[in-house]
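The values are calculated or read from the model by the stated rules, or taken from the named source; none is laboratory data. All values derive from a computational prediction rather than experimental measurement. Reconstructed Cβ throughout: ideal geometry from the backbone, glycine too, with neighbour counts over all protein chains shown.
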């Protein structure tokens, strides 16, 4: 790159750095807010979920500023300063920044929510040990560790009680387990996203030749690894067997829409 | 005689200079803010990050002052009609306020956070959390037992919806009369 191009890249990087700085500020503020919500509503995942939905939207607006600045001002400067190859430098710089911003945000949310649920564990543990009495005669029901709704017949009066877990237990083993599984699998999802971006750039460098079949097979393996990780963590936390039906249903959908549009894949692997 | 090319060139030059100023303040221009501002005559601007709105406002005011001089000269020469002079003059009247507002929307400096802080999000969540049905429930029980609608006896076998005492229905069927 010549001096002008180097300066242009550096100035774009400076602009991008401001966006990263702003995201970091918002993440610090968000962490306090989310922990406050969890402390106030330990039995209910809905407030935190609502907040995360709104925060996701705010962060998306922040990321979009990179694209807006690119479209309005920066793309023209990159075009004027060089040929198509230099424009690609700018496009890659933009795309790398957008992906990194998004992945940092997702990692932050996953880490923060996991920390919140880990902090809830002492309360959950205490709730798990709570006895429950018959709705008719009050005698203690034969209910052991309970993660789901169970029917328990009273040994004294014979009443069939429907017993639900304590709400904090439902929250932990529902939304909490989901959060732990999401967080464990998230690095694999990020690897897949980076892998797909590298594949696109390799194709661009090769005059847009089709992706090699080996690369698609690698993608298939990575997707399976992601879903297996998710299913294993969820099962481990609930003391169950991994939900292989979930994994296969996700893989079927992925292959149908991600791989089977390629005739070479269909010729070798057939339909899902 | 009015010269369309001269008034067009004036408008284009004005637009280009405004874009140069705002983009350099945003850090999205090949020249630094210090260089661009100094060219206008704004001494000692430095290269702050972010560029304060007040500095941009001062620079835009100087640019507008220069543009007014050029516009007056065009009017004296007769190369811009009164209508065009009026229209361009009105643009100059609004320019500083419009461009500082655009800069404020586009910038991500601390004084005007992108999209504002997050307090409104959490305030909204607090307000809606109080509206959820389970938040407003007066009583919550872990254990419930179905009771016969005829005699009040409790259910004694899970998934058996006939009363063991009176053989009535634990759930009244849809077509039954009250």
Checklist line | Extreme residue, farthest from the chain's Cα centre (by Cα), among residues of region A:26-39 that are under 20 Å from residue A:167 (Cβ atoms) and more than 8 Å from every other protein chain (Cβ to nearest Cβ) | finding: A:39
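Quick grid of which residues meet (1) without any contact (Cβ under 8 Å) to a residue 60 or more places away in the chain; (2) more than 18 Å from residue A:18 (Cα to Cα):
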{"residue": "A:52", "(1), (2)": "no, yes"}
{"residue": "A:59", "(1), (2)": "yes, no"}
{"residue": "A:69", "(1), (2)": "yes, no"}
{"residue": "A:75", "(1), (2)": "yes, yes"}
{"residue": "A:79", "(1), (2)": "yes, yes"}
{"residue": "A:107", "(1), (2)": "no, yes"}
{"residue": "A:121", "(1), (2)": "yes, yes"}
Item checked: Filter result for residue B:150 (modelled with pLDDT of 70 or more, surrounded by 11 or more Cβ atoms within 10 Å (Cβ to Cβ) and either more than 15 Å from residue A:45 (Cα to Cα) or facing another protein chain (nearest Cβ under 7 Å) (or both)) -> yes
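If you scan region A:1-11, which residues turn out to be buried (at least 20 other Cβ atoms within 10 Å of the Cβ) and either more than 7 Å from chain B (Cβ to nearest Cβ) or over 15 Å from residue A:81 (Cβ atoms) (or both)?
First, pick out the residues of region A:1-11 that are buried (at least 20 other Cβ atoms within 10 Å of the Cβ): A:8, A:11.
Those that are buried (at least 20 other Cβ atoms within 10 Å of the Cβ) and either more than 7 Å from chain B (Cβ to nearest Cβ) or over 15 Å from residue A:81 (Cβ atoms) (or both): none in region A:1-11.
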Note to self: Quick check on region B:100-123: of everything there that is more than 7 Å from chain A (Cβ to nearest Cβ) and modelled with pLDDT of 80 or more, which residue is farthest from residue B:24 (Cα to Cα)?
What the structure shows: B:123
Note to self: Here are the criteria: (1) modelled with pLDDT of 80 or more; (2) closer than 23 Å to residue B:23 by Cα; (3) within 14 Å of chain A (Cβ to nearest Cβ); (4) surrounded by 17 or more Cβ atoms within 10 Å (Cβ to Cβ). Tell me which single one residue B:60 does not satisfy.
What the structure shows: (3)
Margin query: Yes or no: region A:238-256 includes at least one residue that is crowded, with 17+ Cβ neighbours inside 10 Å, within 25 Å of the chain's Cα centre (by Cα), free of Cβ contacts under 8 Å to residues at least 12 places away in the same chain and under 30 Å from residue A:130 (Cα atoms).
Written below: no
Item checked: Residue that is nearest to residue A:113 (Cα to Cα) [pool: residues in region A:142-173 that are touching a strand residue (DSSP E or B) at 6+ places or on another chain (Cβ under 9 Å) and facing chain B (nearest Cβ under 7 Å)] -> A:164
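Applying the selection to region A:132-151, what residues are over 11 Å from residue A:165 (Cα atoms) and surrounded by fewer than 17 Cβ atoms within 10 Å (Cβ to Cβ)? Break it down into steps so the answer makes sense when it comes.
Within region A:132-151, the first condition is being over 11 Å from residue A:165 (Cα atoms), and the residues that meet it are A:133-142, A:151.
Scanning region A:132-151 gives A:133, A:137, A:138, A:139, A:140, A:142, A:151.
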Note to self: Looking for something facing another protein chain (nearest Cβ under 10 Å), under 18 Å from residue A:7 (Cβ atoms) and in contact with a helix residue (DSSP H, G or I) (Cβ under 7 Å, 6 or more places away or on another chain) - is there at least one such residue anywhere in region A:52-70?
What the structure shows: yes
Check: helices (runs of 4 or more DSSP H) wholly in region A:1-84 with at least 3 residues that are over 22 Å from residue A:109 (Cβ atoms) - which ones?
Finding: A:3-40, A:75-81
Check: When residue A:35 is evaluated against the numbered criteria (1) in contact with a helix residue (DSSP H, G or I) (Cβ under 9 Å, 6 or more places away or on another chain); (2) free of Cβ contacts under 8 Å to residues at least 24 places away in the same chain; (3) under 14 Å from residue B:118 (Cβ atoms), which criterion, by number, is the only one it fails?
Finding: (2)
Check: Picking from A:93, A:23, which residue would you name as being farther than 30 Å from residue B:121 by Cα, more than 8 Å from every other protein chain (Cβ to nearest Cβ) and surrounded by 15 or more Cβ atoms within 10 Å (Cβ to Cβ)?
Finding: A:93
